[in-house]
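Report on one structure; see the data block that follows.
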Amino acid sequence: MVSKCANPSCDTPFHYFREGKLFVFEPHERGSSDLFLRVEHFWLCECCAPSMTIVVDAGGHPRVESVQHTRPAA
Ligand SMILES: [Zn+2]
């Protein structure tokens, strides 16, 4: 389970669900028949939640990303 904020540069300990934002991911491994896939939980504290989010990359690995409010068009 979650013990601290998912932001690697933030050490806020996890205390309450009502604070910050909780993310739940159910990983799906392609080509695998493993029925015991682990559900991943990530939590961002109330300081990080407005400016960061958690996304799953192409390999199925969740990672913390900062939210860009003024992201230029690619
Ligand atoms: Zn934080």
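What follows is calculated from the coordinates using simple rules that are stated; it is not laboratory data. Note that the coordinates shown come from a computational prediction; the quantities given were computed from them, not determined experimentally. Virtual Cβ from ideal backbone geometry, glycine too; neighbours counted across all protein chains shown.
Quick one: Leu22, Leu44, fewest Cβ neighbours within 10 Å first, how do they rank? If you can, show how the numbers build up before the last one.
On the way: Leu22 16, Leu44 25.
Going from least to most buried by this count: Leu22, Leu44.
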For this session: Could you go through segment 54-63 in sequence order and give the Karplus-derived ³J(HN,Hα) for each residue, using 6.51 cos²θ - 1.76 cosθ + 1.60 with θ = phi - 60°, rounded to whole Hz, and x for Gly and Pro?
Result: 10, 10, 9, 7, 4, x, x, 9, x, 8
